[in-house]
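Written below as structure tokens is the structure these notes are about.
The values are calculated or read from the model by the stated rules, or taken from the named source; none is laboratory data. Just so it is clear, the model here is predicted, and its values are computed rather than measured. No Cβ is skipped: glycine too gets one built from the backbone with ideal geometry, and neighbour counts run over all protein chains shown. Keep in mind that these areas ignore ligands, DNA and RNA; they rest on the heavy atoms of the full protein, side chains included. Shrake-Rupley method; radii C 1.70, N 1.55, O 1.52, S 1.80 Å.
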Amino acid sequence: MKRFMALTSALALGLGSTAWADSAKVDSIFVDLSPNADDANVETVWPTLEDDLKTLLDAKFAPHMSDDGYTVTVRIIEVSLDGSMILTESDEFNHLEGWVYVRPNDGTGNISPTKVIIDAQTGALYKTPDGAVQIPGAELFYAAMLDGFADKTLETILEMN
């Protein structure tokens, strides 16, 4: 968890958030992990996924929080590896899917939910700055998937304004 927090803090601080319109304010963020399949085991493999995504979203939205902003609810419905919601011992997943619900804080309306999907290629190699070839570990892949989902959530809300 500490390692994830350090990675997400670095990722969140590195994002340019100046694109936010003044009207794109958020009052509160909720995350719900509700996989569709009864046999999904994401809560066993990644028991802190819900909290980790909430922490990351809080960090990314922090400069834009306002008491008169929107209420954002993110409902994760699928975490899978190559189509299987039964995650293996490797802890990898390459598909993260959920719905983003944005509502006015005063409860006077409801903005249509938007589906957010992040897909990645597993087993990909990348080169470090010194030219070494590495395969990302499960924790780094996990952090990147959550970061991509959080970025897409921000993008979704910007498009609603």
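I want the local charge near residue 50. Using Cβ-Cβ distances under 13 Å, sum +1 for each Lys or Arg and -1 for each Asp or Glu among the other residues.
Computed value for this residue: -3.
Calculated FRET efficiency, residue 158 and residue 119, Cβ-Cβ r, R0 30 Å, to nearest 0.05?
0.90
For region 146-159, in order, what is each residue's ³J(HN,Hα) by Karplus, 6.51 cos²θ - 1.76 cosθ + 1.60 with θ = phi - 60°, in whole Hz (x at glycine and Pro)?
After applying 6.51 cos²θ - 1.76 cosθ + 1.60, I find 5, 5, x, 5, 5, 4, 5, 5, 4, 4, 4, 5, 4, 5 Hz.
Let me cross-check residue 139: its accessible surface, 1.4 Å probe, with only protein heavy atoms counted, in Å² to the nearest 10?
90
List the residues whose amide H sits under 5 Å from the amide H of residue 33, counting only those 5 or more places along or on another chain, with H placed 1.01 Å from N in the peptide plane.
Here 76 satisfy the definition.
Would you pull out the residues with amide H under 5 Å of residue 25's amide H, same chain only if 5 or more places away, H placed 1.01 Å from N?
When sequence neighbours closer than 5 places are left aside, the close amide H contacts are 70.
Please give the contour-minus-distance gain from residue 144 to residue 106: 0.36 nm per residue of separation, less the Cα-Cα distance, rounded to one decimal in nm.
10.3 nm
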